[in-house]
1. Hey, can you grab everything whose amide H is under 5 Å from the amide H of residue 115? Only 5+ residues off in sequence or another chain; H modelled, so Pro and N-termini drop out.
2. What is the sum of charges, Lys and Arg at +1 and Asp and Glu at -1, for the other residues whose Cβ falls under 14 Å from the Cβ of residue 56?
3. What does the charge dipole of segment 70-163 about its Cα centre add up to, to the nearest 20 debye, if the Cβ of each Lys and Arg holds +1 and the Cβ of each Asp and Glu holds -1?
4. Quick one: what are the phi-derived ³J(HN,Hα) couplings along segment 129-134, Karplus 6.51/-1.76/1.60 with θ = phi - 60°, whole Hz, x for glycine and proline?
5. Out of 103, 134, 120, whose Cα points farthest toward the positive end of the dipole of segment 98-157 (charges: +1 Lys, Arg; -1 Asp, Glu; placed on Cβ)?
6. So who's got an amide H within less than 5 Å of the one on residue 86, skipping anything under 5 residues away but keeping other chains? H placed 1.01 Å off N, in plane.
7. May I ask you to list the residues of segment 58-92 whose amide nitrogen lies under 16 Å from a point 7 Å from Cα along the Cα→beta-carbon direction of residue 128?
Amino acid sequence: VRGLISRLRDERVVMRSRDVLQGVYNEVKPKDLPREVLVSLMQGVGQSMTELCYELGQPFEVTVGNDLEFMIRHPSGRVEPAQRLSCGQGACVSTVFWLVRLLSNMGNSLPLLVMDEPSANMDAAAVARFGEMLQKLGPLLVQRNLQVVLTTHHEQLRGCGQQLVNLA
């Protein structure tokens, strides 16, 4: 991972976050772990994500599919791959995923989650629901010594943080 990041820095390459994440995944994906071990690890992450989703008022149950992808069970019982969620639902679930990762690795990382335009491409209702989740997230972050940096153009999200920096 350090090699990948150094190479990108040396080449002064700017990439979209999903491209960086795919590059990191390709560098660190487990190559020799038995499938049962991978399933067990991912199920543990899914359980932690489910607990945090419910704590934040997002009624999603996160499971692991046969293809080792995260699956979302809605309150209606409908199950779909996490990749097919709407922009708003996807932002909620991915935020929870990264928070679970941070909480499980606190000793080795900064307690900081950076979200750059997580509400891009959301309609007003989805932005409002995402804002509600972020409002509930505030006390949880303080309690667990985590911080979130959120950049957004949506006025609805202005009150979601403890501090506001307006870049005009």
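No lab work stands behind these numbers, since they all come straight from the coordinates. Since this is a predicted model, take the numbers as computed values, not measurements. No Cβ is skipped: glycine too gets one built from the backbone with ideal geometry, and neighbour counts run over all protein chains shown.
1. For residue 115, whose amide H was placed from the backbone, the distant partners under 5 Å are 149, 150, 151.
2. For residues surrounding residue 56, the net value is -1.
3. Charge dipole, segment 70-163, about its Cα centre: 340 debye, nearest 20.
4. Rounded to whole hertz, the list is 5, 5, x, 4, 5, 5.
5. Farthest along the dipole direction, towards plus: 103.
6. It is none; the list stays empty.
7. Flagged as within label range: 88-89.
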